[in-house]
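Scroll down for the structure; my scribbles are underneath it.
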Amino acid sequence: MDGVVYDLCIVGAGLIGSAAARHATIISPAAKICLIGPKEPKTVEEKHGRTIFGAHYDEGRITRTLDPNPIWGVLANRSIARYRDIEKRTGVKFFSEVGHMTICNKENEDVIRMKEIATDLHVNFDIMDHKDVNKQFTYLNIDTYDVALLQSKGAGHVSPRSQLLAQQTAAHLQGCNIIDDVIVHVTETNQLNGSVMKLTTEKGDILYARKVLLATGGFTSFRRLLPPGKELDVQLKSQTVAFAEVTPKDAARLKDMPCVIRKMTQGGKYNLYMLPPIKYPDGKYYLKIGHGEQFETEFTTEKEVADWFRTEGLKSAHKPLLDMMFDIVKGVRPVRTFGDACVTTHTPSHLVYCDMVTPLLGVAVGGNGHAAKSADEIGKMAARMVIAGKWDHDLPADKFTVKFKNNATSKL
Ligand SMILES: Cc1cc2nc3c(=O)[nH]c(=O)nc-3n(C[C@H](O)[C@H](O)[C@H](O)COP(=O)(O)OP(=O)(O)OC[C@H]3O[C@@H](n4cnc5c(N)ncnc54)[C@H](O)[C@@H]3O)c2cc1C
């Protein structure tokens, strides 16, 4: 066996993989660690030459602790608490603390659960009716029979691109080797000194590692990464987002706008999420809206997913989404509008899989549309697990147990 044998190879340089790399270098400073995955395609040509994509090619993801699921609440809360330190250590800013508002029916069970979780995690929030909302945010409009829960501190949005850069910068400064390639095959092989993992890259290189963590998001089943016969039980769902470029005047007018999620309204209005005007790399400000289940389709093949990533999403959804946004955010005169596509990875438990598949191979996959804000704690949980070779976190292991398709339920 020639060349370097890594102690740990993390496959998938997305939000969870990059966070896991940073934590692994902290937990095991002397270990040889690498993080391998393709960079974001920057041009149309690069997108067309690509079949593997990530869910992090954007400037805005909502971050908040208020969540009806206590596990997601804890994962987010702990991640958010570390954002500023990561920014300080790396010089890369990614968190905008503009606050977060959930609009829903006051009788909804989710509201009751969110209140309990907020109390448990010592998170302050205000409950506002339509008059309170309109008084504080004169340009926001909610229905008279709904309420808004506002978390002003420790909530807002993160730039997934910058968060990824910050995590990778920190990991690299702590000795992690970052490699721009795709892994096409992972297999366990016996050497004189025992078993190691052999990884083959798309560029034709071979790497060896004593342990491997797969953080490959929606693409985990599309290469031979798991042992033969094992396929993760996940659903890949299409996401469409609509953007509205706003004038500098509107951007200034909406500068204190929080992120918004609307769900389970009394009037049965569609679930949606919105981000306030964010400055994109082209120097312009965009408002963004995405949907709940309403416009989702499920994908099963790599071709379906890759083709989808090259589109603007479901074109027929752009106008209804923008109409919903301007029903809540008043008086905006968009300069232009357009859409984009992405894919989310869902598990039956609605929680991320974080588990060992074999003693040398772990997975951290299944963000369920929630993992951008919580990637740091998920990465920590996964790094601790794969280094220890077993569960090593205070949250209960059984919440994160991996499940396979085709009745391949047991681990090896
Ligand atoms: C439109 C949209 C809006 C969202 N909004 C929010 C939000 O507001 N708040 C929130 O918290 N979350 C949100 N999410 C979810 C969040 O972005 C994801 O949960 C998160 O990105 C998942 O992280 P991940 O590391 O599992 O996957 P990814 O970020 O997709 O990273 C996986 C990485 O693995 C790489 N990879 C795959 N296969 C291979 C291979 N064979 N070899 C090497 N590398 C490989 C990919 O290139 C990719 O970089 C949103 C998602 C979408 C699509």
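Since every read-out is calculated from the coordinates, none of them should be taken as a lab result. Because the structure is a prediction, the values reported are computed rather than measured. Because the Cβ atoms are built from the backbone with ideal geometry, glycine has one as well, and the counts that use them run over all protein chains shown.
Things worth noting here:
- For the range 88-144, the equivalent ellipsoid built from the Cα gyration tensor has semi-axes of 26, 19, 9 Å, listed from largest to smallest.
- Net +/- balance of residues flanking ALA244 in space, Cβ distance below 12 Å, scoring K and R +1, D and E -1: +2
- Gaussian network model of the chain, springs between alpha carbon atoms under 10 Å - residue of PRO38, PRO228, PRO68 with greatest fluctuation: PRO228
- Crossing angle, helix 15-27 versus the chain [Cα axis fit, 0-90 degrees, rounded to tens]: 60
- Equivalent ellipsoid semi-axes, the range 195-268, via Cα gyration tensor eigenvalues times 5, rooted, Å: 44, 20, 12
- Over the chain, DSSP H runs of length four or greater, each weighted -39,500 (n - 2.57), average out per residue to a 222 nm ellipticity of -9000 deg cm²/dmol.
- Note on the chain: Cα-only Rg and Dmax are 21.3, 72 Å.
- The simple spin-label model puts a point 7 Å past each Cα toward its Cβ; for ASN134 and ASN271 those points are separated by 2.8 nm.
- Eligible aspartates and glutamates near LYS319 by straight Cα distance, threshold 17 Å, same-chain separation 8 or greater: GLU245, GLU293, GLU296, ASP327, ASP340
- Efficiency of FRET between ARG310 and VAL335 - r from beta-carbon atoms, R0 30 angstrom, step 0.05: 0.75
- Cross-link check: pairs LYS42/LYS263; LYS115/LYS255; LYS32/LYS284; LYS237/LYS269; LYS47/LYS255 evaluated at a Cα-Cα cut-off of 31 Å; pairs beyond the cut-off: LYS42/LYS263; LYS32/LYS284; LYS47/LYS255.
- Rounded to 5, percent antiparallel among DSSP beta bridges of the chain: 75
- Descending semi-axes in whole angstrom, ellipsoid equivalent of the range 300-350, from the Cα gyration tensor: 28, 16, 8
- Projected label points at LYS399 and LYS319, each 7 Å from Cα along the beta carbon direction, are separated by 4.4 nanometres.
- Length, then width, then depth: along the principal axes, the Cα atoms of the range 35-80 run 42, 22, 16 Å.
- Here the dipole of the range 319-394 is about 320 debye; that uses its Cα centre as origin and unit charges on the Cβ of Lys and Arg (positive) and Asp and Glu (negative).
- Our compactness index for the range 126-173, the C-alpha radius of gyration over the empirical 2.2 N^0.38 Å, is 1.81.
- Largest GNM mean-square fluctuation across ASP146, ASP126, ASP394, computed for the chain with C-alpha springs under 10 Å, falls on ASP394.
- Computed from the alpha carbon atoms alone, the convex hull of the range 127-212 holds 222 Å³ per residue.
- Mean separation of Cα pairs under 8 Å and 6 or more residues apart, divided by the residue count, gives the range 1-125 a relative contact order of 20 percent.
- Radius of gyration over Kirkwood radius for the range 229-316, both on Cα atoms: the Rg/Rh ratio is 1.07.
- In this structure, the pairs whose alpha-carbon distance is over 31 Å, taken from LYS39/LYS315; LYS153/LYS288; LYS93/LYS403, are LYS93/LYS403.
- The range 355-407 - percent relative contact order, Cα under 8 Å, separation 6 or more: 41
- GNM top mover of ARG161, ARG89, ARG262 - the chain, alpha-carbon springs below 10 Å: ARG89
- Positive-end residue, the chain charge dipole about Cα centroid, Cβ charges, pick of MET101, PRO281, GLN239: PRO281
- Projected label distance in nm at LYS32 and VAL4, using a 7 Å step from Cα toward the beta-carbon: 0.7
- Pairs of Cα atoms nearer than 8 Å and 6+ residues apart set the relative contact order; for the range 98-240 it is 18 percent.
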